[in-house]
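One structure is given here, and the rest of the page talks about it.
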Amino acid sequence: MSPLQRSMKQLRAEGMVVEKVEWWNAWGKVRQDLFGILDLLAIHPGTGSTTGVQVTTMGQKQPHMRKMRASKMLPLLKKAGWIIILHSWRKLKKTGWTLDVEIL
């Protein structure tokens, strides 16, 4: 299971409605994120809150944090009331996969 799939499963377990919003750009041969920083979009049915999620592994956490903080879209999304988070996954020998969540 990929980190993205793990995050989708986690968010759904928390009661969120989740959709993948990154896509493959065949012309550029690269993955493109929504607004340049989001892999997933989650909505909580009870509160109506919108959460944008970037997903990575623990080894790539800092580069992703820098990219997100440098984005001109981050302040606009936050002003719109969105919650923006970074999911960082890592595998531990004894306990299996663990998730670190950073709120930006």
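Shape annotation for segment 32-89: C-alpha extents along the principal axes are 34, 25, 17 Å, from largest to smallest.
Given Lys20/Lys72; Lys67/Lys93; Lys20/Lys67, which pairs have Cα atoms separated by over 24 Å? Let's see the in-between values first.
Details: Lys20/Lys72 21 Å; Lys67/Lys93 30 Å; Lys20/Lys67 19 Å.
Over 24 Å Cα-Cα: Lys67/Lys93.
Surface composition of the chain: carbon and sulfur atoms hold 57% of the protein heavy-atom accessible area at a 1.4 Å probe.
Go through segment 1-62 and name the trypsin sites (Lys or Arg not before Pro) that are in a DSSP coil and have 10 or fewer other Cβ atoms within 10 Å of their Cβ. Can you show the working numbers first?
On the way: sites: Arg6, Lys9, Arg12, Lys20, Lys29, Arg31, Lys61; in loops: Lys29.
Passing sites in segment 1-62 are Lys29.
Which shape class, rounded, prolate or oblate, goes with segment 1-58 when its Cα gyration tensor gives a ≥ b ≥ c as root eigenvalues, a/c under 1.5 marks rounded, and past that a/b bigger than b/c marks prolate? Prolate, because a/c is 1.5 or more and a/b exceeds b/c. Extension gain for Ser49-Leu99 works out to 15.9 nm (0.36 nm per residue, less the C-alpha to C-alpha distance). Annotation for segment 67-100 versus segment 24-62: alpha-carbon center distance of 9 Å. Take the Cα of Leu76, step 7 Å toward its Cβ, do the same at Ser2, and the gap between the two points is 2.6 nm. Helix-only arithmetic for the chain: the sum of -39500 (n - 2.57) across DSSP H runs with n ≥ 4, divided by the residue total, places the mean residue ellipticity at 222 nm at -7500 deg cm²/dmol. Estimated translational diffusion coefficient (Stokes-Einstein, Kirkwood radius over Cα pairs, 20 °C, 1.002 mPa s) of the chain: 151 µm² per second.
Using a Gaussian network model of the chain in which every pair of alpha carbons under 10 angstrom is joined by a spring, one finds that among Ala26, Ala80, Ala70 the greatest mean-square fluctuation is at Ala26.
So what is the accessible area of the chain per residue, in Å², with the probe set to 1.4 Å?
Values: 6590 Å² over 104 residues.
Per-residue accessible area for the chain comes out at 63 Å².
Computed about its Cα centre, the charge dipole of the chain is approximately 400 debye, with only Lys, Arg, Asp and Glu carrying charge at their Cβ. Taking all Cα pairs closer than 8 Å and separated by 6 or more residues, the relative contact order of the chain comes to 21 percent.
Straight-line cross-link partners of Lys61 among the lysines, defined as a Cα under 17 Å from its Cα and at least 8 positions apart when in the same chain: Lys91.
The values are calculated or read from the model by the stated rules, or taken from the named source; none is laboratory data. Note that the coordinates shown come from a computational prediction; the quantities given were computed from them, not determined experimentally. Neighbour counts run over all protein chains shown; Cβ positions are idealised from the backbone, glycine included. Only protein heavy atoms, including side chains, enter the accessible area calculation; ligands, DNA and RNA are left aside. Shrake-Rupley method; radii C 1.70, N 1.55, O 1.52, S 1.80 Å.
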